[in-house]
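A.B. asks: Structure incoming, see below.
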Amino acid sequence: NDDYLVARACFLALMSIQSAVGFEGLFTPEAEKWRDLLDQYAKEGTVEYFYSISQKANLACSSGNYEEGVPLLNKAIELARTIEDSRRSEMMYQSLSLSEGMLPMRSLFGIAPWSGDEVLQDARDIESAFIRGADNGMYAVNDYLFCGKRDKAEEMINLIHERRIRRLEQGGVMSRGLVLDAIIPLFDGNFDKVIEILERLIEDSRGTDVEPINLSEAAFAGLRTVVYLGDTEEHRHRILWQVVREQGDTRTFRRFALYPAYFGQQDAANRTLDRLLERRPDITTRKDLRPAWVDIMYLEAAIVVEHKKATELLYERFADNTLATSGYHSPTCIARHLGAAAAMLERYDEAREHYKEAIRVCTEMRFRPELALSELGLAEVLLDHYPEEKAEALEHLDFAIKEFREMKMQPSLERSLRRKDILKA
């Protein structure tokens with residue numbers, strides 16, 4: 001009928017815009033015109049209607065409007081699962097079902113602190129689509145890391161690496177997925193390998209079309225290593241440190257407050273956190289749908305600059321946390337930061353339990369740097385507030401010192417040794 005033909009034409013027009021210009025093309029006035037028409041003529045239960053909903057979800061989330069975008073995203077996924085198999089071939093990506101095509105968006109935008117129960121199934125569905133040929137494997141890695149499933153994440157990274165090598169051998173282009181190769185060395189505390197991978201990615205990207213996105217990805221992936229090793233004379237002239245500093249001054253990095261917090265811009269970090277709290281009056285409730293991987297960075301920044309109000313509210317936001325890590329965006333153990341937040345808020349029993357949970361998670365995931373930091377955090381809480389547990393505290397402290405020394409995590413090593421010196425005095 002005529003409505004179907006109009007909807008179909010709008011659908012194809014939007015696909016053409018995205019194919020020709022990329023995702024940014026969907027923010028143009030021309031795309032908005034076609035989207036309005038699609039919304040008007042698409043009938044429920046059709047691929048066109050699904051595409052209308054998914055477009056709105058994508059644009060809202062990409063603009064930071066998660067309260068509108070995340071419910072639309074979830075609606076699109078559920079809607080997709082009701083559409084019969086015979087219509088799925090009409091989607092843009094032939095190797096994906098409609099819902100599988102949306103799951104990477106949920107991995108990026110829709111994982112709140114309490115979302116753990118759904119994430120593992122999403123990871124399995126994305127992995128299945130990847131095996132059938134889709135280019136979405138990095139989001140399965142992300143979801144498996146959210147769930148604390150390092151072995152499954154590592155399997156996916158290996159599969160992605162093998163596919164990338166095959167494509168390069170066939171004359172393909174460099175993939176931004178190269179940053180995934182740095183995740184397992186980071187978990188192992190093999191920072192030399194992380195630096196080698198990311199600096200190679202940076203250098204190979206120079207002067208190419210993918211340079212901007214690869215520099216941003218390398219900075220995200222490398223920030224944790226830079227924080228672990230410190231901005232010392234030994235490292236600060238390295239390419240990775242330079243790129244992290246350069247990207248740290250971009251709008252994307254400044255909005256997370258983490259770079260300013262760690263690198264001497266505490267006033268800027270505090271202003272960002274103040275604005276965050278002003279814009280999010282429902283931050284402690286499930287009405288606020290910001291992604292967990294973003295909020296754990298805000299919490300970490302708040303702890304570093306001792307912004308007590310932000311720490312208190314973000315800590316409460318993670319009260320029902322069901323996630324293990326922050327995914328592949330500057331990976332870190334969530335429970336470790338909850339322990340640090342609780343200690344700052346003088347909730348020492350809670351801090352002790354969070355640190356114990358962090359040690360369990362990091363031991364199971366073999367997340368060596370975060371395990372050492374969790375051991376140090378627990379040692380400090382015990383030494384300061386549980387004097388009867390001094391012997392256990394010293395065991396945790398000695399373990400942390402040994403690990404920091406072997407991994408050359410100089411800032412944390414110095415912090416640990418100062419604590420040891422105080423005890424000797």
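The values are calculated or read from the model by the stated rules, or taken from the named source; none is laboratory data. Computed from a prediction, not measured in an experiment: that's the story for all the values here. Here the Cβ is made from the backbone with ideal geometry for all residues, glycine too, and neighbour counts use every protein chain on show. For the accessible areas, the whole protein counts, side chains as well, though only heavy atoms, and no ligand, DNA or RNA atoms are used. Shrake-Rupley method; radii C 1.70, N 1.55, O 1.52, S 1.80 Å.
A.B. asks: Within the stretch 314-337, identify whether any single residue is surrounded by fewer than 19 Cβ atoms within 10 Å (Cβ to Cβ), among the hydroxyl-bearing types (Ser, Thr, Tyr) and more than 27 Å from Leu383 (Cα to Cα), and answer yes or no. Step through it out loud before you land on a result.
C.D. replies: Kept after step one, since they are surrounded by fewer than 19 Cβ atoms within 10 Å (Cβ to Cβ), are these residues of the stretch 314-337: 316, 319-320, 322.
If we keep only those that are among the hydroxyl-bearing types (Ser, Thr, Tyr) as well, we get 322.
Pick out the ones that are also more than 27 Å from Leu383 (Cα to Cα) and you get 322.
Scanning the stretch 314-337 turns up at least one residue that is surrounded by fewer than 19 Cβ atoms within 10 Å (Cβ to Cβ), among the hydroxyl-bearing types (Ser, Thr, Tyr) and more than 27 Å from Leu383 (Cα to Cα).
A.B. asks: State which residue is most open to solvent (accessible area, probe 1.4 Å) when the search covers only the stretch 362-405 and only residues that are acidic (Asp, Glu) and within 27 Å of the chain's Cα centre (by Cα).
C.D. replies: In the first step, residues of the stretch 362-405 are kept if they are acidic (Asp, Glu); the result is 364, 370, 375, 380, 384, 388-389, 392, 395, 398, 403.
Now narrow it down to the ones that are within 27 Å of the chain's Cα centre (by Cα): 364, 370, 375, 403.
Working: Glu364: 118, Glu370: 0, Glu375: 20, Glu403: 20 Å².
Checking each candidate, the answer is Glu364.
A.B. asks: Are there helices (runs of 4 or more DSSP H) fully within the stretch 64-110 with at least 3 residues that are modelled with pLDDT of 85 or more, open to solvent by 20 Å² or more (accessible area, probe 1.4 Å) and more than 15 Å from Gly45 (Cα to Cα)? List them.
C.D. replies: Details: elements: 66-82, 85-88, 98-109.
Counting at least 3 such residues, we get 66-82, 98-109.
A.B. asks: From the set of residues in the stretch 111-152 that are among the aliphatic types (A, V, I, L, M) and open to solvent by 30 Å² or more (accessible area, probe 1.4 Å), which is nearest to Ser54 (Cα to Cα)?
C.D. replies: First, pick out the residues of the stretch 111-152 that are among the aliphatic types (A, V, I, L, M): 111-112, 119-120, 123, 126, 129, 131, 134, 138, 140-141, 145.
This time we only want the ones that are open to solvent by 30 Å² or more (accessible area, probe 1.4 Å), so: 120, 131.
Values: Leu120: 22, Ile131: 23 Å.
In this case the residue turns out to be Leu120.
A.B. asks: Next question, about the same structure. Tally the residues that are of a type in the set (D, E, K, R), touching a His at 6+ places or on another chain (Cβ under 9 Å) and within 14 Å of Leu345 (Cα to Cα), restricting the search to the stretch 272-326.
C.D. replies: Just the residues of the stretch 272-326 that are of a type in the set (D, E, K, R), to begin with: 274-275, 278-280, 282, 286-288, 290, 295, 300, 306, 308-309, 312, 316-317, 320.
Now narrow it down to the ones that are touching a His at 6+ places or on another chain (Cβ under 9 Å): 274, 300.
Next, only the ones that are within 14 Å of Leu345 (Cα to Cα) stay: 300.
Number satisfying all stated conditions: 1.
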